[in-house]
1. Sort LEU56, LEU88 by Cβ crowding within 10 Å, fewest neighbours at the top.
2. Please arrange PHE82, PHE312 by how many other C-beta atoms lie within 10 Å of their C-beta, fewest to most.
3. With +1 on each Lys and Arg Cβ and -1 on each Asp and Glu Cβ, and nothing else charged, work out how big the dipole of the chain is about its Cα centre, in Debye to the nearest 20.
4. Choose one of PRO130, ILE309, ALA223: the residue whose Cα lies farthest towards the positive end of the charge dipole of the chain (beta-carbon charges +1 Lys, Arg; -1 Asp, Glu; about the Cα centre).
5. Fully extended, how many nm does the chain gain between GLU324 and ARG235 (0.36 nm per residue separation, minus their Cα-Cα distance)?
6. Between GLU351 and THR121, what length in nm is gained on full extension when 0.36 nm per residue of separation is reduced by their alpha carbon distance?
7. Using Cα pairs closer than 8 Å and at least 6 residues apart in sequence, work out the relative contact order for the chain, in percent.
8. With 18 Å as the cut-off, how large is the P(r) tail for segment 267-319, expressed as percent of Cα-Cα pairs?
Amino acid sequence: MGAGAAVEVAESLRTVLAEDCLARGDGLDRYRLGGRRPAAAALPTSEAQVSAVLRLAHDRRWGVVPWGGGAHQSSGRVPSRFDVALDLRALDRVVRYEPADMTVTVEAGIRLQSLQERLATSGQFLPLDPPGADRATLGGVVAANCSGPLRCRYGTLRDLVLGVRVVHADGTLTKAGAGGVKNATAYDLTKLYVGSHGTLGVIVGATLRVQPKPACEESGWMAASSLEHAMLLVRRILNSEVAPSRLELLEAVGARACGFPGDGPHLAVSVAGRPDAVAHQMERLAAIAAECEAQWSGMEHAVEAWRRIREFPGGREDGPLGGEEVRWRAGVLPADSAAAMRSVAEAVAGEGSAAMAASVTHGVVRGALRASFRRSRHEGRRDLRAGPSAEAPR
């Protein structure tokens with residue numbers, strides 16, 4: 001968009017927003033996406049202003065990109081047009097919080113970290129630990145459908161979102177789902193918007209299910225001799241009385257990138273609950289490791305260790321492979337997590353390297369690739385898809 005058109009966009013936005021609700025010039029640098037910068041950024045302070053901006057953009061045929069903390073803008077496809085950044089950070093209120101009902105309704109611009117601090121005052125938390133959690137907004141997390149390692153115990157984001165409020169491209173405001181746990185039997189449109197990346201409308205609010213904060217949590221890791229050995233450990237854990245909160249499989253390169261010792265795959269696990277129950281489960285995990293001839297160790301600095309795992313393969317400027325790389329995420333059958341990792345490693349063998357991790361209870365495999373295929377792009381893509389068939393990750 002040329003300079004004249006950019007000025008026109010900013011002047012048009014002034015008709016629906018105050019001057020302090022607009023960003024132009026150097027203030028647009030934070031909204032760069034795919035090497036491009038928008039003509040202007042709108043910072044509405046209410047749903048009505050979001051509706052007015054989108055109605056204006058619809059009439060002028062502008063390309064609008066919703067924006068929160070910017071933590072997940074790299075996921076999904078780069079938009080073909082980017083005229084206006086719609087920054088929702090000013091919509092950051094807790095609209096309604098019912099600790100007894102274990103539900104909370106918030107505006108989309110609230111930071112996930114701020115919401116957790118508010119819930120902690122009542123001994124509750126939102127069981128969600130996506131990558132970029134320290135700067136992500138709730139609306140961005142819902143739109144990107146980002147669920148971290150805690151999905152093992154509490155399910156994915158789609159299990160936690162009870163309802164959403166959405167402003168569509170023409171400025172129409174609609175809602176889906178309900179404000180409580182009980183809901184009518186009908187089409188669950190809420191799940192349609194979770195993971196939509198802003199393509200179906202701009203999420204401006206959500207109602208979520210919260211949980212009591214566990215009294216105690218402990219973590220540990222098991223070092224396996226192979227990916228197949230690690231999956232044996234996974235099956236033994238899931239078939240035991242242990243109820244893991246997190247259960248992540250990291251192949252050798254991924255494990256080293258996350259700070260684990262040794263040269264083989266690692267299984268990271270955490271358990272939470274009452275102190276006596278947690279102590280018993282940790283003892284059982286040590287026994288399972290001994291029975292399966294795997295090394296077992298408690299996890300030192302667990303908070304930092306889990307931060308590295310949830311951020312993997314991101315969280316580092318140079319990436320886990322130390323250079324330019326492609327980061328990806330795929331979904332497979334949970335039992336095929338190790339086989340999918342092996343398929344990817346074999347596909348790039350001799351032509352590059354890979355670092356991978358998997359949320360094994362849900363079959364979500366993620367990683368980084370650095371390869372220079374001498375074969376055709378079609379052959380390389382075919383080899384990467386060999387083995388277990390991939391599905392859309394959750």
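Read-outs: derived from the displayed coordinates by stated rules, not from any lab. This structure is a prediction, so every number in the text was calculated from the model and none was measured. In this analysis, Cβ positions are derived from the backbone assuming ideal geometry, glycine residues included, and neighbour counts consider all displayed protein chains.
1. Working: LEU56 20, LEU88 27.
If I rank by nearby Cβ atoms, fewest first, I get LEU56, LEU88.
2. Details: PHE82 20, PHE312 25.
By the 10 Å Cβ count, ascending: PHE82, PHE312.
3. Numbers: 48 positive and 44 negative charges, 198 e Å.
Charge dipole of the chain: 960 debye, to the nearest 20.
4. Result: PRO130, furthest along the dipole toward the positive end.
5. Details: separation 89, 0.36 × 89 = 32.04 nm, distance 3.54 nm.
Gain on stretching GLU324 to ARG235: 28.5 nm.
6. Numbers: separation 230, 0.36 × 230 = 82.80 nm, distance 5.23 nm.
Taking GLU351 through THR121 to full extension adds about 77.6 nm, to one decimal.
7. After rounding, I find 12 percent.
8. Details: 642 of 1378 pairs.
The proportion of pairs with Cα distances above 18 Å equals 47 percent.
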